[in-house]
Amino acid sequence: MILRDRLVFMPNDVDLARSPLSGRVDAETYVLGAFNPGLARLANGHLLLMVRVAEALRTPIWNGHVHAIRWADECYRLDAWPLDAVDTSDPRNFRRYGQDWPLFGLTSLSWLLPVELTAEGDAVVAVHYDRAIAPIAPYQCYGIEDARIARVGDQYLMTACAVSPERQCTILYSSADALDWQLEGIVLDHQNKDMLIFQGLIGGQYWAQTRPLGDGYFTYPPDSPWCAGPSINLATSPDARHWKPHAQPGIRPAVAMPTAVRIGGGAPPILTPAGWLSLWHGVEPDGGVGIYRTYWSLLDRDEPWRTIAGGNAPLIEPVPTLTDPIKILMYLDNIVFTTGIVEAGDAWMVASGEADLACRLTLIDKRGLA
């Protein structure tokens, strides 16, 4: 089913001298990860990756404090937190003690970098630093993460997660060419992430998969085939800016799939002759971050809350041999996080983040998902 699989963009491919943060942060930074790319097909046939660049402090701890990068008032600031007030065991963030709810800080700030590839995805054509997307609003002050791009008619719609003390929310960008983007603002509020806009209208409406989170859930009956927890819901909109939750549930964790106890959206659903192809991630608990894999479902073309086909086996799994050449840079493993899909003749080109570190392109035979 997998015809080709490779890493196409990695941390060492980012030129930090051309970063939006360059010369604006009073500390040395490095690329923690260049990963979780949105994917689009440009008018010239080339591929466009919208790469999440997590730019981190080289030494976040000094003078008895851990530091976080924050955008404010058109500049980047460093906030200091006493070490005795935080847990710094995770290289990606720190957690403050003494709170009744989880409270985190980041030692990196993420921004989005457009990377143009050949039509087959086998070489980089250009890295568009002049079109990088960085924070410009208070609700983006801790960064912009995990772009997803949908082509709907003659426009491109890109969702991403914006991080700030007030909310982790979904924001929307629009574009006519997938290179120059206009920020449209917040479209989903706090902890409603992994928003994927369907790549086409249904009954004249825009549809999207969403994934609201919470600290608690109510159980299904003992004989239910479903597990309560984070799930993929649906929403509709007349204009892609104003969204209403749909009453029918979408894709839910299943008792029969213990390797996908926690789930969330992956690539924006794309229409096939048989229905909407939805790629999503399932997480198997392992005592740490978990093992992330990509699964697939085929949704009814008119009633996308109905799953008409799918597989319990993963479609894409983490591949350690892909990251072996950059193993020295790794801080996590067992993660593949799919974020984009486009057509490639008789195959699907699928974009993912590998190990929260690099961009992976996987070519998948369409016949295997019929």
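The values are calculated or read from the model by the stated rules, or taken from the named source; none is laboratory data. Not measured: the values here are computed from a predicted model. Glycine also receives a Cβ, built like all others from the backbone with ideal geometry; neighbour counts cover every protein chain displayed. Heavy atoms of the whole protein, side chains included, go into the accessibility calculation; ligands, DNA and RNA do not. Shrake-Rupley method; radii C 1.70, N 1.55, O 1.52, S 1.80 Å.
Quick check, is Gly216 among the small types (Gly, Ala, Ser), at pLDDT 95 or above and open to solvent by 10 Å² or more (accessible area, probe 1.4 Å)?
Values: among the small types (Gly, Ala, Ser): yes; at pLDDT 95 or above: no; open to solvent by 10 Å² or more (accessible area, probe 1.4 Å): yes.
Answer is no for this residue.
Annotation: of all residues in the range 175-189 being at pLDDT 95 or above and open to solvent by 40 Å² or more (accessible area, probe 1.4 Å), the one that is nearest to Ser164 (Cα to Cα) is Ile186. Contact map, the range 307-320: residues that are within 11 Å of Glu354 (Cα to Cα) paired with residues that are assigned to a loop (DSSP other than H, G, I, E, B) and open to solvent by less than 30 Å² (accessible area, probe 1.4 Å), Cβ distance under 9 Å, separation 6+ or inter-chain. Pairs shown: Pro318/Ala355; Pro320/Ala355.
Does the range 190-206 contain any residue that is assigned to a loop (DSSP other than H, G, I, E, B), open to solvent by 20 Å² or more (accessible area, probe 1.4 Å) and at pLDDT below 95? Yes, there is a match, as at least one residue in the range 190-206 is assigned to a loop (DSSP other than H, G, I, E, B), open to solvent by 20 Å² or more (accessible area, probe 1.4 Å) and at pLDDT below 95.
Identify all residues within the range 308-351 that are open to solvent by less than 60 Å² (accessible area, probe 1.4 Å), among the small types (Gly, Ala, Ser) and assigned to a loop (DSSP other than H, G, I, E, B); write none if there are none. Across the range 308-351, the qualifying residues are Gly311, Gly345. Just so you know, in the range 17-32 the residues that are more than 27 Å from Thr338 (Cβ to Cβ) and touching a strand residue (DSSP E or B) at 6+ places or on another chain (Cβ under 7 Å) include one that is least open to solvent (accessible area, probe 1.4 Å), and it is Leu21. Whether any residue in the range 164-181 is in contact with a Phe, Trp or Tyr (Cβ under 6 Å, 6 or more places away or on another chain), in a strand (DSSP E or B) and farther than 19 Å from Leu48 by Cβ is what I want to check. No: the range 164-181 contains no residue that is in contact with a Phe, Trp or Tyr (Cβ under 6 Å, 6 or more places away or on another chain), in a strand (DSSP E or B) and farther than 19 Å from Leu48 by Cβ.
Could you tell me which residue of the range 133-163 is most open to solvent (accessible area, probe 1.4 Å), considering only residues that are within 24 Å of Thr107 (Cα to Cα) and part of a loop (DSSP other than H, G, I, E, B)? Ranking the qualifying residues of the range 133-163, first place goes to Ile136.
Restricting Gly266, Gly229, Gly287, Gly282 to residues that are in a loop (DSSP other than H, G, I, E, B) and closer than 20 Å to Gln191 by Cα narrows the list to Gly229. Number of residues in the range 237-268 that are open to solvent by less than 10 Å² (accessible area, probe 1.4 Å) and of a type in the set (S, T, N, Q) equals 1. Of all residues in the range 269-279, which are part of a strand (DSSP E or B) and either open to solvent by 10 Å² or more (accessible area, probe 1.4 Å) or not polar (S, T, N, Q) (or both)? Within the range 269-279, Pro269, Ile270, Leu271, Thr272, Gly275, Trp276, Leu277, Leu279 meet the criteria. Scanning the range 33-80 for residues that are closer than 23 Å to Gly23 by Cβ and of a type in the set (Phe, Trp, Tyr), we see that the one that is surrounded by the fewest Cβ atoms within 10 Å (Cβ to Cβ) is Trp62.
For Leu109, the conditions (1) under 15 Å from Val14 (Cβ atoms); (2) without any contact (Cβ under 8 Å) to a residue 60 or more places away in the chain all hold with the exception of (2). Is one or more of the residues making up the range 76-93 closer than 26 Å to Arg131 by Cβ and over 21 Å from the mean Cα position of the chain (by Cα)? Yes, the range 76-93 contains a residue that is closer than 26 Å to Arg131 by Cβ and over 21 Å from the mean Cα position of the chain (by Cα).
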